[in-house]
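Novice: Okay, handing you the structure first.
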């Protein structure tokens, strides 16, 4: 305590004892001790230091006492306790989280289900109801998988058609020229094409 006062004397605290008390209480790692000190009405640095030391000493004594008692327990008693714990039923929390395979409800075990002797209206088997029927769930999963595959195939087919149309539009001027050649020529274009042919026939007659 004296060393702590000596080290903090250079910090220029206005109220040294109160600052040391606050730093001590706020810096504790043990929440139980911290609450105990906060509950004190007139707590100063001396009483806080004394209570903290007493609490630490008591905690060490309790830990050492528990360790000594645990070392004296016979091994056969430990095994018996483990077997008894394993044979006990599930806790209430586990029961609440457990989903009964007979009715798909929680809060009870399948052996205690009121539908354990009921005939399923879907598969006609005894021991569950329709919403918990494994065959129905399997059929629904297969149907859903088939629908997804069909939807995927239709989507891929539509994409392929779109790619073909887009490919023709991106083929360039050659494709455009090819498409224009299918259009019949106009009268002026036909006349221009016939002039070279008439001139060629005239030259052939003169040579003959």
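Novice: So which residues in region 45-64 are more than 11 Å from residue 25 (Cβ to Cβ) and either within 45 Å of the chain's Cα centre (by Cα) or not in a helix (DSSP H, G or I) (or both), if there are any at all?
Specialist: 55, 56, 59, 60, 62, 63, 64 - these are the residues of region 45-64 that are more than 11 Å from residue 25 (Cβ to Cβ) and either within 45 Å of the chain's Cα centre (by Cα) or not in a helix (DSSP H, G or I) (or both).
Novice: Is it the case, given these coordinates, that residue 64 is surrounded by 11 or more Cβ atoms within 10 Å (Cβ to Cβ) and modelled with pLDDT of 75 or more?
Specialist: no
Novice: Give just the number: which of (1) part of a loop (DSSP other than H, G, I, E, B); (2) at pLDDT 60 or above; (3) surrounded by 11 or more Cβ atoms within 10 Å (Cβ to Cβ) does residue 117 not satisfy?
Specialist: Only one criterion in (1) part of a loop (DSSP other than H, G, I, E, B); (2) at pLDDT 60 or above; (3) surrounded by 11 or more Cβ atoms within 10 Å (Cβ to Cβ) is unmet by residue 117, namely (3).
Novice: Where residues in region 94-107 are in contact with a helix residue (DSSP H, G or I) (Cβ under 7 Å, 6 or more places away or on another chain) and in a loop (DSSP other than H, G, I, E, B), which of them is modelled with the lowest pLDDT?
Specialist: Selected residue: 107.
Novice: Restricting the first residue to region 27-45 and requiring it to be free of Cβ contacts under 8 Å to residues at least 24 places away in the same chain, which pairs with a second residue that is surrounded by 10 or more Cβ atoms within 10 Å (Cβ to Cβ) and in a loop (DSSP other than H, G, I, E, B) meet a Cβ separation below 8 Å and a spacing of at least six or different chains?
Specialist: 34/28; 37/28; 37/43
Novice: Can you name the condition, by its number, that residue 134 falls short on among (1) modelled with pLDDT under 85; (2) surrounded by 10 or more Cβ atoms within 10 Å (Cβ to Cβ)?
Specialist: Status for residue 134: all satisfied but (1).
The values are calculated or read from the model by the stated rules, or taken from the named source; none is laboratory data. Since we're looking at a predicted model, the values are computed, not measured. Using ideal geometry, Cβ is built from the backbone for each residue, glycine included, and neighbour counts are taken over all protein chains shown.
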